[in-house]
Amino acid sequence: MDISAQLGALAHPDRLGIFRLLMRRYPGAVPAGDVARALDLRQNTCSGHLKTLSAAGLIRAQRAGTTIRYGVDMPGASALMQDLFDGCCNARPDLCLPNPPLPVEPNVLFLCTGNAARSLMAEALLRDVPGFRVRSGGTDPAPAPHPQALATLAGHGIDAAGLRPKAPTEADADIVITLCDHAANEACQTVSGMPLRAHWSLPDPKGGDAAAFQDTFHQLRARIDALTALPLAALDRLSLQDALDDIGRMPLSQRPPTV
């Protein structure tokens, strides 16, 4: 694919916004309607932009039943980055690809919209694990934690003291993990630095009963167990990014059953 065609596709602000949204949702894929709603685009306008990005080899369509979802075409996007790196940056990683090391104890930020259930539960699960610092935040914080989230943690013997919904501006982060699709669709610019980012899409338990919160707890614990099992000291940023994306791909069917 000609790099000029790819850059031309990204030159339109709405197409750039779509590409950035799909990168935030990587490795997942998003229905066109959700893309249009997230970016406040007309459906036909969004469809035209998706077609242009697809023709440029930057995104790809995936059929899931009767729904067509769009995701980043990583080989195509990687080829663009490689062309820029080789041709425009003269293959100078020190100039074009800053790669600051992670601290010995990385600061993990879990993000949701309301920060009332999933992200608070994730914070509680990780905060007593040695080798990590952890916070959670919401793009639109709720007034208070969801009572069933606190009850679920208490039922598993996990201390929920001090947990409260808050904005992500209250913490810098080395790793940002979004847990709800709505938060992942938003361009969160309030986290400083160059954090690694991953999306672990989990259903919102707040519309369900106590069993839904139990299921969310087990799904979170499985992913956080996978995170804490990573040999962080032996991984560079690219390898850690791949590992975080792999955790995000874990099917829900592989989670421990609700008890």
Here is a list: 73, 83. Which entry is closer than 15 Å to residue 9 by Cα and acidic (Asp, Glu)?
73
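In this structure, does residue 36 turn out to be of a type outside the set (Lys, Arg), open to solvent by less than 20 Å² (accessible area, probe 1.4 Å), in a helix (DSSP H, G or I) and more than 19 Å from residue 4 (Cα to Cα)? Explain how you work it out, then say what you get.
On the way: of a type outside the set (Lys, Arg): yes; open to solvent by less than 20 Å² (accessible area, probe 1.4 Å): yes; in a helix (DSSP H, G or I): yes; more than 19 Å from residue 4 (Cα to Cα): yes.
Answer is yes for this residue.
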Qualifying position, being modelled with pLDDT of 90 or more and over 23 Å from residue 135 (Cβ atoms), among 198, 212:
212
For the range 1-27, pairs from a residue that is touching a residue at least 24 places away in the same chain (Cβ under 8 Å) and assigned to a loop (DSSP other than H, G, I, E, B) to a residue that is surrounded by 21 or more Cβ atoms within 10 Å (Cβ to Cβ) and of a type in the set (Val, Ile, Thr), with Cβ under 6 Å and 6 or more apart or across chains, are 26/72
Name every residue in the range 63-121 that is acidic (Asp, Glu) and either at pLDDT 85 or above or in contact with a Gly (Cβ under 9 Å, 6 or more places away or on another chain) (or both), in order of residue number.
73, 105
Find all pairs meeting these conditions: Cβ atoms under 9 angstrom apart; at least six residues apart or on different chains; first residue within the range 120-132 and at negative phi and of a type in the set (Lys, Arg); second residue assigned to a loop (DSSP other than H, G, I, E, B) and surrounded by 14 or more Cβ atoms within 10 Å (Cβ to Cβ).
none
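The values are calculated or read from the model by the stated rules, or taken from the named source; none is laboratory data. Since the model is a prediction, treat every value here as computed from it, not as a measurement. Counting neighbours? That spans all protein chains shown, and the Cβs are built from the backbone with ideal geometry, glycine included. Heavy atoms of the whole protein, side chains included, go into the accessibility calculation; ligands, DNA and RNA do not. Shrake-Rupley method; radii C 1.70, N 1.55, O 1.52, S 1.80 Å.
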